[in-house]
Amino acid sequence: MKRIALIAVTIIGAALLTGCGSSSSSAKAHLPKAGSDGAKAASLVVQHVAAGCHSWSLNGSPLAPHQVARLQHGNGITITDDDVMPHELVQTAGPSAQMAGMQMAKMGAQATIVFPTPGLYRFTTKAGEDYPSASGIVTTGEDNVLTLTVYVS
């Protein structure tokens, strides 16, 4: 029952905060300040939203389908899947990142990325089917395509 209430609060809050409705959303990405916020580590959370199905938040920023982080090499990001469906984290460009737990197959599952060398890294997720517990949740519009760009110095 708590999970259903949490999902309902997340959906309502996300709808009020984001306004995203498709992969072409123009929401601004949160840019951590170099040398401080996000410079050593970052946290990214995938959540369900009513318009666009899923979105994510970087270090507590507003939910958006595209996020940008700035980190120092040797540091990383922890991704938590709090969505109503599984997500597989996929690197699409950049130097080889050290990744673990890419198959986030249940709510609360986590993946980690460590950036051993400076460079520009890009990631996305491949969403799976909704969990059976998500039946009855209504989503409108095209599913958002989640993308993450990481600048590593």
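Only one entry of 147, 80, 140 meets the criterion of being within 20 Å of residue 53 (Cα to Cα) and open to solvent by 60 Å² or more (accessible area, probe 1.4 Å), and that entry is 140.
For a quick check of your reading: which strands (runs of 3 or more DSSP E) sit entirely within segment 72-145 and have at least 1 residues that are among the hydroxyl-bearing types (Ser, Thr, Tyr), under 13 Å from the mean Cα position of the chain (by Cα) and at pLDDT 90 or above? Strands (runs of 3 or more DSSP E) meeting the threshold: 76-82, 109-114, 119-127. For segment 57-71, a residue qualifies if it is more than 24 Å from residue 116 (Cα to Cα) and under 9 Å from the mean Cα position of the chain (by Cα), and the qualifying residues are 63, 64, 65. Taking the criterion of being under 9 Å from the mean Cα position of the chain (by Cα), open to solvent by less than 10 Å² (accessible area, probe 1.4 Å) and β-branched (Val, Ile, Thr), the only residue of segment 41-56 that qualifies is 46.
The values are calculated or read from the model by the stated rules, or taken from the named source; none is laboratory data. Source: prediction; values computed, not measured. Surface areas here come from the heavy atoms of the whole protein model, side chains and all, with no ligands, DNA or RNA. Shrake-Rupley method; radii C 1.70, N 1.55, O 1.52, S 1.80 Å.
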